[in-house]
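Notes follow once the structure below has been shown.
The values are calculated or read from the model by the stated rules, or taken from the named source; none is laboratory data. Everything numeric here is computed off the predicted structure, so don't read it as measured data. Here the Cβ positions follow ideal geometry from the backbone for every residue, glycine too, while neighbour counts run over all protein chains shown. Please note that ligands, DNA and RNA were not included when accessible areas were found on the heavy atoms of the full protein model with its side chains. Shrake-Rupley method; radii C 1.70, N 1.55, O 1.52, S 1.80 Å.
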Amino acid sequence: MHNVFPSTHPLVKHKLTKLRDQRTEPKKFRELVRELSALLIYEATADLTTHPVQVQTPLAAAQGEDLAEKIGLIPILRAGLGMVEGVWELMPSAEVWHIGMYRDERTLKPVAYYNKLPVHPTVGVCLILDPMLATGGSAVACVDILKNWGVSKIKYVGLIAAPEGIQRLQTAHPDVPIHVAAVDDHLDANGYIVPGLGDAGDRLFGT
Ligand code: PRP
Ligand code: URA
């Protein structure tokens, strides 16, 4: 799979297994989503550009590197919210721009309901945060919004992807890398990922 990066890290596998478990309560579920998001973002940002800087240690001057691009975190509401904190801890200067979208239960098409992006882009790189890539409709619509905003460097970071969603996102936006904890088997008749973890938003927010 070109441009798809399922994590091979043992910690990710361990935490994802606990996350999937139906006995995992919302409090633990939120904690695991936060931790997994930090681990995944570490992998997803390995190619960010830096520029050289010099700092003074107590002993001498040291050559170092600074992140060169302004980063935007784009959580897709609701479930993407659960991923923000873990990522933001690693990148406290990132901007967070929320995109509100839900899947119509009957058509499974995304319905956009919140977008306060300013007219001109304020970031150079966008990291879309959404735990579930199911049919791919929400991710494609989100990338459409970000490209129309004027950002061309976009990555998708999620927890579980279905092959159907990967195919759809890659067909529409082959330039967007997909970083996930796992690629699952298939979608069921209701558009849920199997085996997946159920409804990510409901499990995060206890609804
Ligand atoms: C979930 C998930 C994604 C979407 C994925 O959100 O967080 O945004 O479904 O499905 P897709 O790939 O088929 O578009 P949902 O619509 O359930 O909304 P919620 O986060 O508000 O619960
Ligand atoms: N959204 C979810 O929360 N879970 C799925 O399996 C598919 C879409």
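Computed quantities for the displayed model
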item: Candidates VAL55, VAL12, filtered to the one that is closer than 29 Å to LYS153 by Cβ, in contact with a Gly (Cβ under 6 Å, 6 or more places away or on another chain) and β-branched (Val, Ile, Thr); result: VAL55
item: Check on PRO118, open to solvent by less than 50 Å² (accessible area, probe 1.4 Å) and not aliphatic (A, V, I, L, M); result: yes
item: Check on LYS109, open to solvent by 50 Å² or more (accessible area, probe 1.4 Å), within 10 Å of ligand 1 (Cβ to nearest atom) and under 24 Å from VAL4 (Cβ atoms); result: yes
item: Residue that is least open to solvent (accessible area, probe 1.4 Å) [pool: residues in the range 167-204 that are of a type in the set (Val, Ile, Thr) and within 12 Å of ligand 2 (Cβ to nearest atom)]; result: ILE193
item: Failed criterion for MET83 (all others in (1) touching a Leu at 6+ places or on another chain (Cβ under 7 Å); (2) surrounded by fewer than 15 Cβ atoms within 10 Å (Cβ to Cβ) hold); result: (2)
item: When residues of the range 184-207 are limited to those that are in a helix (DSSP H, G or I) and under 14 Å from ARG103 (Cα atoms), the one nearest to ligand 1 (Cβ to nearest atom); result: GLY201
item: Boolean, ASP104 is of a type in the set (Asp, Glu), open to solvent by less than 60 Å² (accessible area, probe 1.4 Å) and touching a Phe, Trp or Tyr at 6+ places or on another chain (Cβ under 9 Å); result: no
item: Of residues in the range 1-24 being in a helix (DSSP H, G or I), in contact (Cβ under 8 Å) with a residue 12 or more places away in the chain and over 28 Å from HIS173 (Cα atoms), the one least open to solvent (accessible area, probe 1.4 Å); result: LEU19
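Each row is one residue, and each column tells you yes or no for (1) without any contact (Cβ under 8 Å) to a residue 24 or more places away in the chain; (2) farther than 18 Å from PHE205 by Cβ.
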| residue | (1), (2) |
| --- | --- |
| LYS28 | yes, no |
| GLU31 | yes, no |
| LEU36 | no, no |
| LEU40 | no, yes |
| GLU43 | no, yes |
| ALA46 | yes, yes |
| GLN56 | yes, yes |
